[in-house]
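A short reminder: the numbers here are calculations on the coordinates, not readings from a lab. All values derive from a computational prediction rather than experimental measurement. Here Cβ is always computed from backbone atoms with ideal geometry, including for glycine, and neighbour counts include all displayed protein chains.
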Amino acid sequence: MSYMRGDIYIWADSTHVHFWSRDGYDSWDEAVWNNPGQAPGASGVALPQAVANEYVVMRMAELLDEGCVVAAIEQALRKFSGNGGCLALAKHAGVLRKVATKVVPKLQN
């Protein structure tokens, strides 16, 4: 099932979620483990779905702290409404918006 199609393409199969960058550049040179002189090749990775799920719920908590869940929901719906993975978001967007309004964002420094 595809979640995002475009310069960044994200889809899932029965066991993994796949992330690909159209032009092969995924900001690899900004990573702390970057070895100078490496050349980027085809750029993609497949993570076990369980790992991706753990990341997603951690990131959702951060978005709640930042007070930007609703903006992220609206942007995702606007950009990816034709993709199968966005159907669940469209279905539950109202509930997610309502929950997000009940969380007091953490004050930023």
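At most 13 other Cβ atoms within 10 Å and a DSSP loop assignment: could you name the trypsin sites (Lys or Arg not before Pro) in segment 41-109 that fit?
Values: sites: 59, 78, 79, 91, 97, 98, 102, 106; in loops: 102, 106.
Counting only loop positions with at most 13 other Cβ atoms within 10 Å, the trypsin sites (Lys or Arg not before Pro) in segment 41-109 are 102, 106.
Can you give the FRET efficiency to the nearest 0.05 for residue 103 and residue 22, using r as the Cβ-Cβ distance and R₀ = 35 Å?
Values: r = 35 Å, r/R0 = 1.00.
E between residue 103 and residue 22, to the nearest 0.05, is 0.50.
Give the cross-link partners of residue 91 among the lysines, using a straight C-alpha distance below 17 Å as the criterion and excluding same-chain residues fewer than 8 apart.
79
Once phi is turned into θ = phi - 60°, what whole-Hz ³J(HN,Hα) does the Karplus curve with 6.51, -1.76 and 1.60 give for every residue of segment 87-92, x standing for Gly and Pro?
Along segment 87-92, the couplings run 4, 5, 4, 4, 5, 9 Hz.
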